[in-house]
Amino acid sequence: MLQRHHCFRLLLKLNGAVSKERPLFTAIMHSLTHYKMVPGEPALRPAILALLGENDLPVVDLDESKVLFACLDNDEVIGTGGLEFFKDCALLRSVSVKKDVQKTGLGKFIVDELEKIAKGKRINRLYLLTTTAEDFFTKLGYKTIDREELPIEIKNTTEFTSVCPSTASVLRKLLL
C-alpha cells in the first residue's frame with residue numbers, strides 16, 4: 001500500500017500537481033475563496049436573469065416569490081442559484097455559471113452554498129429538475145428519482161407543471 005501511495009505521489013509530482021507552485025490548483029482555490037454568495041437584491045436581478053438566459057435556463061416564472069442568489073466576483077455576477085422553500089423541502093433551481101469560468105469548481109461552490117442555506121432553514125431534502133446537468137448533480141450526491149416520488153409541493157410548482165418538460169430528470173438529495 002505504501003508503495004502505491006509513493007507511485008501515485010510521484011505521478012502527481014511529474015504532472016505538476018504536487019509542486020510548490022501548483023499554478024492551476026492554486027489559482028482555482030484562490031478564486032473560490034474570494035467569491036461570495038449574496039441574496040439576489042433587486043439591483044442584481046437583471047444581471048442574474050441575463051446570466052440565466054445566457055445559459056439557456058428558464059426565467060419566465062422567476063417572480064419575486066422565488067429566492068435567487070448571485071455569486072459575485074468583485075461585484076460582477078458570475079454565477080446564480082435559487083431555492084423555492086416549502087415545509088421541510090426545497091426546490092433547487094437556476095444554478096448557472098458564466099461561461100468563461102465554467103469547469104473551475106464554481107458550480108459546486110454555488111450548490112454547496114445553497115445547501116448550507118437550506119440546512120440553516122431546517123430543510124432536509126432538496127429536489128431539482130434538469131434537462132442538461134444530471135451528471136453534474138449526481139457527482140454532488142444527488143440521486144435520480146421517479147417523478148411520482150416528488151412531494152406534492154414540488155409537483156405544484158410552475159417549474160414542474162409548465163417550465164421544465166416532462167422529460168426532465170428529477171433528482172433528490174437528503175441533507176443530513
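Partners of K87 within straight-line reach, counting lysines whose Cα lies under 17 Å from its Cα and excluding those fewer than 8 residues away in the same chain: K66, K116, K119, K121, K155, K173. Taking a sphere under 14 Å around the Cβ of E76 and counting the other residues whose Cβ falls inside, with K and R at +1 and D and E at -1, yields a net charge of -1. Local charge for A118 was computed over the other residues whose Cβ lies under 15 Å away, with Lys and Arg +1 and Asp and Glu -1, and equals +4. Looking at the range 49-100, the trypsin sites (Lys or Arg not before Pro) that sit in a DSSP loop and have at most 16 other Cβ atoms within 10 Å of their own Cβ are K87.
We did not get these values from a lab; they are worked out from the coordinates using the rules stated. Worth saying up front: this structure is predicted, and the values here are computed from it rather than measured. Note that each Cβ is placed from the backbone with ideal geometry, even for glycine, and that neighbours are counted across all protein chains shown.
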